[in-house]
1. What GluC sites (Glu not before Pro) does region 316-376 have in DSSP loop regions with at most 10 other beta carbons within 10 Å?
2. Just grab the label-to-label distance for Ala200 and Ile353, each label 7 Å out from Cα along the Cβ direction, in nm (one decimal).
3. Determine the order of Glu264, Glu215 by accessible area, beginning with the largest, at a probe radius of 1.4 Å.
4. What distance in nm separates the simple spin-label points at Glu334 and Lys252, each placed 7 Å from Cα in the Cβ direction?
5. Would you please classify the overall shape of region 93-132 from the alpha carbon gyration tensor, given that a ≥ b ≥ c denote the square roots of the eigenvalues, rounded means a/c under 1.5, and beyond that prolate means a/b larger than b/c while oblate covers the rest?
6. Extension gain Asn188-Arg213, at 0.36 nm per residue separation less the Cα-Cα distance, in nm?
7. What relative contact order, as a whole-number percentage, does region 191-327 give when Cα pairs under 8 Å and 6 or more residues apart are counted?
8. If you keep only loop residues by DSSP, which trypsin sites (Lys or Arg not before Pro) in region 242-325 have at most 11 other Cβ atoms within 10 Å of their Cβ?
Amino acid sequence: MHSTVATLRTAGKTALHRGIVRQTAIGAATSAPNPNLFASVQPPTAPAAFHYHQQQVRCMNIDTNNLKALDEPIVRKIHQELLDADTGGDGRISDRDIKRLLRKHNSTFTDVEIVELGELFYASKAGGTVSIDRFIQAIDYAASGAAKDEGNPLGVGNCVPEYMFVKSHANYSPEQLNIEITHREPENTLDKIALGAVKATRLMFDTATGWNRGEITAEKILNRAIFLETVAAIPGMVAAIIRHFSSLRNMKRDGGMLNMFLEEANNERMHLLTFIKLKEPGAIFRASVIGGQIGFGSAFFLSYVASPAFCHRFVGYIEEEACHTYTKIIAAIEEAPEGSDLSAWRTEPAPKIARSYWKLGETGTVLDMIYAVRADEAEHRDVNHAVSGHTDEMNPVYNPEEKLNKMLKRYVRDVMGKNDKAVGTTGN
């Protein structure tokens, strides 16, 4: 019995001694200086030493000599922000971590952009995560403007546009509202035919409606805008339908243009829903709209089947004319004498649907609304000219990888700006 107790006591002392030795070894390893760490990083207090050490070990995997645009101080700053955003604490970044990271830079990114970048990241990794080191490499790639054939380390791929097209017509900047009146010179016979068809159509329509006779009135503007918007919403929908059936029939990707044309059609429809809040069309007017839809819709459908390039060039020229028309309307409103119907649009609140759709604010006016409509038309002009004759499978207007790179580049600029301010404050 006594020998058994003695044996247990000896074993206990031995175990205790081994535990003390092990703890001493761990403490020594933790507190020992690591020459691979950034020199300016100071170790924290003892309770957090082990966790801090694990974080800094991850930082050792980043070789700033292999980066093209980011220097060591910026890498250190970005790395720390990524560690703070890493909710899993595993050194890997998810789409939720990206959103958390960008919310700290809400002066640079809107809520819509934060959600979009998170979705782009999720799509690029198919729901997975990426290591912090790899993400920093992706940021460096975007900041350096590396050759496109290299590809972003995140690997966005070309399947994303098939289901994702993010476009908001809200919050136009003053520069975007002050559009540039442009004209695309015809490059071939089809372009010349498209331009001639647009000029002939406008001449007939202006003559029939008396647009160029007498002064511009609110009644003239509303009649013209309402009728033309019922027609303007047709091309985008026709293009989307035909491309949709083509994708199904050929069992291949569309490249993301289908969603873009659907959005364009809906945007034109929103123009219509806005203008009818200012005037309720009568029975004869509605009958003419039905006739216009049947005639123009059928002709455009058959033309698109025959030549999408011609149709998009035609729409591009139509939108050029729309930009001219809305510019003329804006000038008439701004120059209208006080007390006239048009002058009232300078202060009259825009319909609620317009203020919410374009985010004009509580005091947004009818004039503000027309500025936004014109900006939409300028975008449709540029889009249709860009896709006319486009043969590549990827959407030339909405490239997810380019969008991702631009956002990451903006993030770097914001980090650099804040870092410069911090250095300046410290120096003072």
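The values are calculated or read from the model by the stated rules, or taken from the named source; none is laboratory data. Everything quoted here is computed from the prediction, not taken from an experiment. Here the Cβ is made from the backbone with ideal geometry for all residues, glycine too, and neighbour counts use every protein chain on show. The protein model used for the area step is the full one, side chains on, heavy atoms only, and it has no ligands, DNA or RNA in it. Shrake-Rupley method; radii C 1.70, N 1.55, O 1.52, S 1.80 Å.
1. When the GluC sites (Glu not before Pro) of region 316-376 are filtered for loop state and at most 10 Cβ neighbours within 10 Å, Glu338, Glu362 remain.
2. So the label points at Ala200 and Ile353 sit 3.5 nm apart.
3. Correct descending sequence by accessible area is Glu215, Glu264.
4. Simple spin-label model gives 4.8 nm for this pair.
5. It is oblate, given that a/c is not under 1.5 and a/b is not larger than b/c.
6. 5.5 nm
7. For region 191-327, the relative contact order is 37 percent.
8. Taking region 242-325 and a limit of 11 other Cβ atoms within 10 Å, the loop trypsin sites (Lys or Arg not before Pro) found are Lys252.
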